[in-house]
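Read the structure below first, then the notes.
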Amino acid sequence: MAHSFSRPTVPLPEVPVEIGMVLEDPASGFVGAVTNHEKSGGMWVVELEDRRGKRRAFPLGPGFWLEGKPITLVPARGPAAKVSRTNSGSRAVTGARAQVAKPSRIWVEGKHDAELVQHVWGADLALEGIAVEMLDGADHLEDVLTVFGPSAHAKAGVLLDHMVPGSKETRIAQAAMSQWPDHVLVLGHPYVDVWQAVKPARFGISQWPHVPRGTDIKTGTIEALGWGCTTGEAWSHILSRVRDFRDLEPALLGRVEELIDFVTSPSSITVS
């Protein structure tokens, strides 16, 4: 008489739920960070929120994936932790690894712009797999984009200084978006230099000094404030005073968030 043998089932690892951990529900395809977990109707449920703020609740137990592996989600041990935040104000995630860079990119004008964006939004960009690159000046935008080749799966988000009506930067932005409609978004702030996007109150002043036209904005600012240092030293001081998004002007905050949303929209993700 033949006997049939079933392969023993390997039990899934039990992982206590934590605020901020990123989970996937393979049945629905929903991916989000844990924002809450509680006992409701005699069972434990967990609430997940995706990057665009959509929330869904799921019962704890098997059926979740964490870092690409199936787990059984169990209630947290001890009191629930508070939601932690990144410098941009987003919910910090636990146990998530930085993704391999996606084809889409964000460009900024120079080193200081790049360092400020990374300081405030670095955790968000790493989680999304979006790299930030430098243009070394707005004049190079068309050449950079021509080489990059924007497409539905490789979008380009660009942040420029001094985006005001009639400025050179505004004309450059309009030309780029006309040449690559739907695949390029160029936004900017009204300040001549990104230094001025940091709230002046962080330095005990009511406003950044007015620098006469024709004078280098950085040099003029250093002289007007009497800092007596190099441009590099001045920027290090400015960046060190930026604690998080609350120390930046809204005119910059909204533009960067819009660019991140643009390059991480579903159409910019390459399908293998």
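The values are calculated or read from the model by the stated rules, or taken from the named source; none is laboratory data. From a predicted model like this one, the values you see are computed outputs, not experimental measurements. Counting neighbours? That spans all protein chains shown, and the Cβs are built from the backbone with ideal geometry, glycine included. Remember, those area values only see protein heavy atoms, side chains included, never the ligands or the DNA or RNA. Shrake-Rupley method; radii C 1.70, N 1.55, O 1.52, S 1.80 Å.
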Note to self: Given the options 238, 260, name the one that is in contact with an Asp or Glu (Cβ under 9 Å, 6 or more places away or on another chain) and within 19 Å of residue 117 (Cβ to Cβ).
What the structure shows: 260
Checklist line | Matching entry among 143, 182, 216, 193 (being touching a residue at least 24 places away in the same chain (Cβ under 8 Å) and out of contact with any helix residue (DSSP H, G or I) (no Cβ under 6 Å at 6 or more places or on another chain)) | finding: 182
Margin query: I'm trying to understand the selection: among the residues of the range 8-52, which are in a loop (DSSP other than H, G, I, E, B), surrounded by fewer than 13 Cβ atoms within 10 Å (Cβ to Cβ) and not hydroxyl-bearing (Ser, Thr, Tyr)?
Written below: 8, 10, 11, 13, 26, 27, 29, 41, 42, 52
Item checked: Every residue from the range 84-112 that is assigned to a loop (DSSP other than H, G, I, E, B), of a type in the set (S, T, N, Q) and either open to solvent by 60 Å² or more (accessible area, probe 1.4 Å) or modelled with pLDDT under 85 (or both) -> 84, 86, 87, 88, 90, 99
Item checked: Verdict on residue 255 being assigned to a loop (DSSP other than H, G, I, E, B), modelled with pLDDT under 95 and open to solvent by 50 Å² or more (accessible area, probe 1.4 Å) -> no
Next item on the list: Please work out which residue is modelled with the highest pLDDT, limiting yourself to the range 53-70 and to residues that are aromatic (Phe, Trp, Tyr) and open to solvent by less than 40 Å² (accessible area, probe 1.4 Å).
Entry: 64
Next item on the list: Please indicate, with yes or no, whether at least one residue in the range 139-151 is at pLDDT below 90 and farther than 29 Å from residue 65 by Cα.
Entry: no
Next item on the list: Among what's in the range 71-83 and is open to solvent by less than 60 Å² (accessible area, probe 1.4 Å) and assigned to a loop (DSSP other than H, G, I, E, B), pick the residue that is modelled with the lowest pLDDT.
Entry: 83
Item checked: Residue check for residue 206: within 21 Å of residue 132 (Cα to Cα), out of contact with any strand residue (DSSP E or B) (no Cβ under 6 Å at 6 or more places or on another chain) and among the hydroxyl-bearing types (Ser, Thr, Tyr) -> no
